[in-house]
Amino acid sequence: LASDLCAALGEPHTFAPADVPMIEGTYAGPGYSVFTEDTAVAIRTLAQTEGIILDPVYTGKAFAGLLDLIRQGRFAAEETVIFLHTGGLPGLWAYEDALRRG
């Protein structure tokens, strides 16, 4: 997937599995589809700064995790970090009230 993405971006590169350093699974929160304040902040942050909408179940939690990893200094300034937005926008409608409160 990483190699295909680089090729699509016009920067062909072949990756070995060891070259893709991180799949982080600790940011799922208290459970599947359980909305958290960190998720709400991540959704609002990306919407306000980039105009990109995330869903509260998958991409919002994933982006909240990425923001936390950045705050922890897990990436060097010269590193390229790719966040893959996988969709899930229909999930927004189930959380409309929670998102409006923030």
**Fill in**
A careful count of residues in the stretch 31-72 that are under 16 Å from Tyr95 (Cα atoms), of a type outside the set (Val, Ile, Thr) and not in a helix (DSSP H, G or I) gives 8
**Message:** I want to confirm something. Restricting to the stretch 70-86 and keeping residues that are over 20 Å from Gln48 (Cβ atoms), out of contact with any helix residue (DSSP H, G or I) (no Cβ under 7 Å at 6 or more places or on another chain) and not hydrophobic (A, V, I, L, M, F, W, C), which single residue is surrounded by the most Cβ atoms within 10 Å (Cβ to Cβ)?
**Reply:** Arg74
**Complete:** Over the stretch 1-49, the set of residues acidic (Asp, Glu), over 21 Å from Arg101 (Cα atoms) and out of contact with any Leu (no Cβ under 8 Å at 6 or more places or on another chain) is Asp4, Glu11, Asp19
**Request:** State whether one or more residues within the stretch 80-100 are within 26 Å of Leu9 (Cβ to Cβ), modelled with pLDDT under 80 and not in a loop (DSSP other than H, G, I, E, B).
**Result:** yes
**Complete:** All conditions in (1) surrounded by 14 or more Cβ atoms within 10 Å (Cβ to Cβ); (2) of a type in the set (A, V, I, L, M, F, W, C); (3) within 14 Å of the chain's Cα centre (by Cα) are true of Leu89 except (1)
**Fill in**
Checked the stretch 37-69 for anything surrounded by fewer than 19 Cβ atoms within 10 Å (Cβ to Cβ), among the small types (Gly, Ala, Ser) and touching a residue at least 12 places away in the same chain (Cβ under 8 Å); matches are Ala40
**Message:** Can you report the number of residues in the stretch 1-30 which are more than 18 Å from the chain's Cα centre (by Cα) and either outside any loop (DSSP other than H, G, I, E, B) or of a type in the set (A, V, I, L, M) (or both)?
**Reply:** 10
**Request:** Taking only the stretch 2-20 into account, find how many residues are among the aliphatic types (A, V, I, L, M) and either touching a residue at least 24 places away in the same chain (Cβ under 8 Å) or surrounded by 10 or more Cβ atoms within 10 Å (Cβ to Cβ) (or both).
**Result:** 5
**Message:** Of everything in the stretch 19-38, what is at pLDDT 85 or above and either under 19 Å from Val81 (Cβ atoms) or in contact with a Ser or Thr (Cβ under 7 Å, 6 or more places away or on another chain) (or both)? Give them in sequence order.
**Reply:** Asp38
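The values are calculated or read from the model by the stated rules, or taken from the named source; none is laboratory data. Model, not experiment: these values are computed from the prediction. Quick reminder, even Gly has a Cβ in these numbers, built from the backbone with ideal geometry, and neighbours come from all protein chains shown.
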